[in-house]
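A short write-up of the structure that comes next.
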Ligand SMILES: [Zn+2]
């Protein structure tokens, strides 16, 4: 998977020309996280190999990290007022940290924790790696704090940022990072990775393994999405109220699916769908802040629905 990107990264390591900060971006479920971890492991590998050797003590610590439950890896620090706060995940490897959101955001205290980490000397490997995923979950304060670190990059430390939504990463961070785009997977790749051969699911996976697997488990959601965009007011009305009772994950999945469907319309040149697409993207951002999803979806269906979407449902 992602052979082109991996060949490129391999060359970087071989030629010892790895930028301080790299930003991996692309749709969710196209393998960015796995490649980022593998790349981090290679940067730390005592044999300096890509793919990493898998045998040295650095590689074994990294393998152990992957297997360990998150609660065992959570590292806590203190905020300015001395309260205990979640910082990042760290296993036995002294030179690797994995920064992930504390609930929905990566907060500024966490970046302060990163700062303390990066100015230490590497203890096992020749380098240190900070993996931040998803980088777009850093709030503006965190992004600015990270920018300060990137402006005076500490020696021997690499930052690997992973983003599903590069538009939410500050332009100043983007410009200081080496950008590497992960293209959507082909239907064939998804098929061989997941074993799913339902053409309908493959088609609506948007090139994402995660999406394909979720649709496979929850095929009904595809029908709901198509109903919403059907242009049939009655169906739209019924579905809008139904989804209000769903849990967060399923609501988020529906929004992502609507995004894929509307995005396709826009790419096909149906510009009139752009407004609905924007509303869906907005909805994803505000979903965990208590918006009334039924109203949003009803509106999206009204402005984004049309008769010709339905022939598949
Ligand atoms: Zn190794």
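Taking the conditions exactly as written (closer than 17 Å to residue 162 by Cβ and either in contact with a strand residue (DSSP E or B) (Cβ under 6 Å, 6 or more places away or on another chain) or more than 12 Å from the ligand (Cβ to nearest atom) (or both)), does residue 69 satisfy them or not? Even if it seems obvious, please write down each step before you answer.
Working: closer than 17 Å to residue 162 by Cβ: no; either in contact with a strand residue (DSSP E or B) (Cβ under 6 Å, 6 or more places away or on another chain) or more than 12 Å from the ligand (Cβ to nearest atom) (or both): yes.
So residue 69 does not fit the description; no.
When you go through (1) on the phi < 0 side of the Ramachandran plot; (2) surrounded by 18 or more Cβ atoms within 10 Å (Cβ to Cβ) one by one for residue 206, which number turns out not to apply?
(1)
Collect the residues in the stretch 239-257 that are surrounded by fewer than 21 Cβ atoms within 10 Å (Cβ to Cβ) and either at pLDDT 95 or above or closer than 13 Å to residue 299 by Cα (or both), keeping them in residue-number order.
Residue satisfying the conditions is 241 alone.
Out of the residues in the stretch 87-109 meeting the condition of being out of contact with any helix residue (DSSP H, G or I) (no Cβ under 7 Å at 6 or more places or on another chain) and surrounded by 14 or more Cβ atoms within 10 Å (Cβ to Cβ), tell me which one is nearest to residue 249 (Cα to Cα).
The first filter runs over the stretch 87-109 and keeps only residues out of contact with any helix residue (DSSP H, G or I) (no Cβ under 7 Å at 6 or more places or on another chain), leaving 94, 98, 100, 103, 109.
Then drop every residue that is not surrounded by 14 or more Cβ atoms within 10 Å (Cβ to Cβ), which leaves 94, 98, 100, 109.
On the way: 94: 34, 98: 23, 100: 18, 109: 27 Å.
It comes out as 100.
Note down all Cβ pairs under 7 Å where the first residue falls in the stretch 42-58 and is assigned by TED's automatic domain parsing to the domain that holds residue 10 and over 14 Å from residue 127 (Cβ atoms), the second is assigned to a loop (DSSP other than H, G, I, E, B) and near the ligand (Cβ under 8 Å from one of its atoms), and they're at least six residues apart or on different chains.
If the second residue must be assigned to a loop (DSSP other than H, G, I, E, B) and near the ligand (Cβ under 8 Å from one of its atoms), the pairs left are 53/45; 53/47; 57/46.
Would you be able to say whether some residue in the stretch 76-93 is at pLDDT 95 or above, more than 16 Å from the ligand (Cβ to nearest atom) and outside any strand (DSSP E or B)?
yes
So which residues in the stretch 30-53 are more than 6 Å from the ligand (Cβ to nearest atom) and over 18 Å from residue 4 (Cα atoms)?
41, 43, 44, 48 - these are the residues of the stretch 30-53 that are more than 6 Å from the ligand (Cβ to nearest atom) and over 18 Å from residue 4 (Cα atoms).
Tell me which of these residue 8 doesn't satisfy, since it passes every other one: (1) buried (at least 16 other Cβ atoms within 10 Å of the Cβ); (2) more than 10 Å from the ligand (Cβ to nearest atom); (3) touching a residue at least 60 places away in the same chain (Cβ under 8 Å).
The number of the failed condition is (1).
Among the candidates 209, 224, which residue alone is in contact (Cβ under 8 Å) with a residue 12 or more places away in the chain and outside the structural domain of residue 280 (by TED's automatic domain parsing)?
Just a single option satisfies the conditions, and that option is 209.
Output the residues belonging to the stretch 70-84 that are farther than 18 Å from residue 146 by Cα and either surrounded by 14 or more Cβ atoms within 10 Å (Cβ to Cβ) or not assigned by TED's automatic domain parsing to the domain that holds residue 158 (or both).
If the condition is that a residue be farther than 18 Å from residue 146 by Cα and either surrounded by 14 or more Cβ atoms within 10 Å (Cβ to Cβ) or not assigned by TED's automatic domain parsing to the domain that holds residue 158 (or both), then 73, 74, 75 are the ones that fit.
The rows are residues; the columns are (1) part of a helix (DSSP H, G or I); (2) over 19 Å from residue 208 (Cα atoms).
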residue: 11; (1), (2): yes, yes
residue: 17; (1), (2): no, yes
residue: 22; (1), (2): no, yes
residue: 25; (1), (2): no, no
residue: 28; (1), (2): no, no
residue: 33; (1), (2): yes, no
residue: 46; (1), (2): no, yes
residue: 54; (1), (2): no, yes
residue: 58; (1), (2): yes, yes
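The values are calculated or read from the model by the stated rules, or taken from the named source; none is laboratory data. Owing to the predicted nature of the structure, the values given are computational and were not obtained by experimental measurement. Positions of Cβ are backbone-derived with ideal geometry, glycine not excepted, and every protein chain shown enters the neighbour counts.
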